[in-house]
Amino acid sequence: MKQRGEKISMLTAYDYSMAKIVDQAGIDVILVGDSASNVMAGHETTLPITLDQMIYHAGSVVRAAQRCLVVVDMPFGSYQGNSKEALNSAIRIMKETGGHAVKLEGGKEIAESTQRILTAGIPVMGHLGLTPQSIYKFGTYQVRAKEQEEAERLISDAILLDQYGCFAIVLEKIPASLAEKVAKAVSIPVIGIGAGGGVDGQVLVLHDMLGITQEFHPRFLRRYLNLAEQMKTAVASYVSDVKSRDFPGEKEQY
Ligand code: KIV
């Protein structure tokens, strides 16, 4: 698709019902993101989600996906530091979920884990820029790599991931000009979130773009629905119908 100049669409999903709709709507890639930690479980960060929980979410998504590629995030603590453990975690994801690929956050610092997973024939998607598993190192969710030193490190990390054999890279919340430069510097697709239009594809968190999450308003987020309001209206109507004895009606009982 990169070679054809065709943009790649990617969205997150964490459960069977949502994944089925997203797949049927024509998405290219579903990411079973560790943002499930925030969106599904209500944690403040992505750090608490476990490998077992990611496997549960990913298995549900894979059962729904008939046509798209399914990429599964490796959660915090399942791949950093020990490359043997990283490989074991990736193998569990592939065996127990049926997912097609894994995603890891980081560049040179996780080189050994990335390369070891690749040696097992498991496709790896990289993730650079704002990497939420490192939030306590960054201290904020603000735009990354605005300074030259961090920007240069990011470009060399992207080139390394390409050389290792990763099949794609996510770039999160970095200047659009830098993201475009990276997309031109590597042969593999670069998928952006808050990284401008000069990359090869875009990813958003499904619950954000559907307007289910309500308190999150970054500049890069385009909301396609206000589903939280629509759902509240529907639930309020149901409550009212039950209270007023309007529901169930004659034709809604046996
Ligand atoms: O977990 C996630 O949803 C992600 C995307 C923001 C790229 O990693």
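The values are calculated or read from the model by the stated rules, or taken from the named source; none is laboratory data. Worth saying up front: this structure is predicted, and the values here are computed from it rather than measured. Heads up, the Cβs are rebuilt from the backbone with ideal geometry, glycines too, and the neighbour counts pull from every protein chain shown. Calculation scope for accessible area: heavy atoms of the full protein, side chains included, ligands and nucleic acids excluded. Shrake-Rupley method; radii C 1.70, N 1.55, O 1.52, S 1.80 Å.
In table form, for the structure just shown:
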{"quantity": "Stretchable slack from Ala41 to Tyr16, in nm (0.36 nm times residue separation minus alpha-carbon distance)", "calculated": "7.4 nm"}
{"quantity": "Global form of region 27-103, assessed from the alpha-carbon gyration tensor, a/c cut-off 1.5", "calculated": "oblate"}
{"quantity": "Net +/- balance of residues flanking Cys68 in space, Cβ distance below 12 Å, scoring K and R +1, D and E -1", "calculated": "0"}
{"quantity": "Share, in percent, of DSSP beta bridges within region 1-157 that are antiparallel, nearest 5", "calculated": "5"}
{"quantity": "Heavy-atom accessible area per residue - the chain, 1.4 Å, Å²", "calculated": "53"}
{"quantity": "Spin-label pair Lys181/Lys243, simplified geometry with 7 Å Cα→Cβ offset, distance in nm", "calculated": "5.9"}
{"quantity": "Packing rank of 212-223, 26-37, 158-169, where each peptide gets the mean count of other beta carbons within 10 Å, highest leading", "calculated": "26-37, 158-169, 212-223"}
{"quantity": "Glu6/Arg63 FRET efficiency (R0 30 Å; Cβ-Cβ; nearest 0.05)", "calculated": "0.60"}
{"quantity": "Under Karplus coefficients 6.51, -1.76 and 1.60, residue-wise ³J(HN,Hα) of region 234-251 in Hz, glycine/proline x", "calculated": "5, 5, 4, 5, 4, 4, 5, 5, 5, 4, 7, 6, 5, 10, x, x, 3, 7"}
{"quantity": "Sparsely packed trypsin sites (Lys or Arg not before Pro) within region 2-46, loop by DSSP, other Cβ within 10 Å at most 12", "calculated": "Arg4"}
{"quantity": "Integer Hz, Karplus 6.51/-1.76/1.60 couplings in order for region 60-66, x for Gly and Pro", "calculated": "5, 5, 4, 5, 8, 7, 9"}
{"quantity": "Protein accessible area in the chain, 1.4 Å probe - carbon and sulfur %", "calculated": "53"}
{"quantity": "0 to 90° range, to nearest 10: angle between helix 148-164 axis and the chain longest Cα axis", "calculated": "90"}
{"quantity": "Segments 232-244, 184-196, 115-127 sorted - mean Cβ within 10 Å per residue, highest first", "calculated": "184-196, 115-127, 232-244"}
{"quantity": "Per DSSP, loop GluC sites (Glu not before Pro) in region 73-168 with at most 14 further Cβ within 10 Å", "calculated": "Glu147"}
{"quantity": "Amide proton proximity set for Lys103, modelled H, under 5 Å, gap of 5+", "calculated": "Val72, Asp73, Met74, Met125"}
{"quantity": "Angle between the chain longest axis and helix 83-97 axis [Cα atoms, degrees, rounded to 10]", "calculated": "30"}
{"quantity": "Angle in degrees between helix 176-185 and the longest Cα principal axis of the chain, rounded to the nearest 10", "calculated": "60"}
